[in-house]
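Novice: If you scroll down you'll find the structure; I have some questions about it.
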Amino acid sequence: MSAVSSFNTQDVRLWNNPQTQTSKTINFPQTYVATPRLAWGINMLDMKCGTNLRVRTYNDQVDPQKYTAHADTWADTTLYSAGIHTLVLKPANLDILTGQFSTEEDHPWNQPKAQTSRRINFERPFVTPPKVVVFLK
């Protein structure tokens, strides 16, 4: 069975102490035999008004026991708090495939475009059209 975990910057710091980088190491509910795959998305943002919304969430240092979740911002953006839900996929779970795309693969953050799109290729083809879930990260 796969699991769900969550991270909120307020787990690490108070909302009224904004920082450009916030992270926390999170233990999985069980130790996996191999490193699980992660799919995640933002579930909450509290940001200062009057500036552009710039947030990057990511996970790193993933191993069979834990991972580190991050919520970062830059330039003139003030991030009071952010929340992230993470779907932890067991290594043997082949029913769920993941892909990702960053707009920075298309253009630099300081040269925004009105529209950006990208084709996501999955690890294997589907026999029938899949159900797709999109997360903002």
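The values are calculated or read from the model by the stated rules, or taken from the named source; none is laboratory data. In this text, all values refer to a predicted model and were calculated from it rather than measured experimentally. Heads up, the Cβs are rebuilt from the backbone with ideal geometry, glycines too, and the neighbour counts pull from every protein chain shown. All accessible areas refer to the heavy atoms of the entire protein, side chains included, with ligands and DNA or RNA removed. Shrake-Rupley method; radii C 1.70, N 1.55, O 1.52, S 1.80 Å.
Novice: Who wins for biggest fluctuation among VAL12, VAL127, VAL88 in a Gaussian network model of the chain, springs between alpha carbons below 10 Å?
Specialist: VAL127
Novice: Once the Cβ-Cβ distance between HIS85 and VAL127 is put in as r, and R0 is 35 Å, what FRET efficiency do you end up with, to the nearest 0.05? Kindly include the intermediate steps, with their values, before the conclusion.
Specialist: Numbers: r = 29 Å, r/R0 = 0.82.
FRET efficiency, HIS85 to VAL127: 0.75.
Novice: If you roll a 1.4 Å probe over the heavy atoms of the protein chains, what accessible area per residue do you get for the chain, in Å²?
Specialist: Numbers: 9220 Å² over 137 residues.
In whole numbers, the chain has 67 Å² accessible per residue.
Novice: Here's another thing I want to ask about it. Restricting to lysine pairs 8 or more places apart or on different chains, what number in the chain have Cα atoms under 25 Å apart?
Specialist: The result is 11.
Novice: LEU14 to ASP60: FRET efficiency via 1/(1 + (r/R0)^6), r the Cβ-Cβ distance, R0 30 Å, to the nearest 0.05? Kindly include the intermediate steps, with their values, before the conclusion.
Specialist: On the way: r = 24 Å, r/R0 = 0.81.
Efficiency at R0 = 30 Å is approximately 0.80.
Novice: Let me ask something else about it. For THR103 and VAL33, what is the calculated FRET efficiency with R₀ set at 41 Å and r taken between the beta-carbons, to the nearest 0.05? Provide the component values of the computation, followed by the final result.
Specialist: Details: r = 35 Å, r/R0 = 0.86.
Here the calculated transfer efficiency is 0.70.
Novice: Still on this structure, I have one more. On the accessible surface of the stretch 2-115, probed at 1.4 Å, how many percent belong to carbon and sulfur atoms?
Specialist: On the stretch 2-115, the fraction of accessible area on carbon and sulfur atoms equals 48 percent.
Novice: Can you tell me the order of 53-59, 13-19, 116-122, 3-9 when each peptide is scored by its average per-residue count of other Cβ atoms within 10 angstrom, highest first? Mind showing how you got there, number by number?
Specialist: Details: 53-59: 16.4, 13-19: 12.4, 116-122: 9.9, 3-9: 18.1.
Answer by packing, highest mean first, reads 3-9, 53-59, 13-19, 116-122.
Novice: Right, here's the next one. Calculated from the structure, semi-axes √(5λ) of the Cα gyration tensor in Å equals which of [x] 27, 22, 11; [y] 35, 19, 12; [z] 41, 15, 14?
Specialist: Here semi-axes √(5λ) of the Cα gyration tensor in Å agrees with entry [x].
Novice: Is the shape of the stretch 70-137 rounded, prolate or oblate, going by the alpha carbon gyration tensor and its root eigenvalues a ≥ b ≥ c, with a/c under 1.5 for rounded and a/b larger than b/c for prolate? Could the numbers behind the result be given before it?
Specialist: Numbers: a/c = 3.03, a/b = 1.54, b/c = 1.97.
Oblate.
Novice: Please compute the contact order of the chain in relative form: average sequence separation of alpha-carbon pairs under 8 Å and at least six residues apart, divided by the residue count, as a percent. Could the numbers behind the result be given before it?
Specialist: Numbers: 232 pairs, mean separation 43.9, N = 137.
In percent, rounded to a whole number, it is 32.
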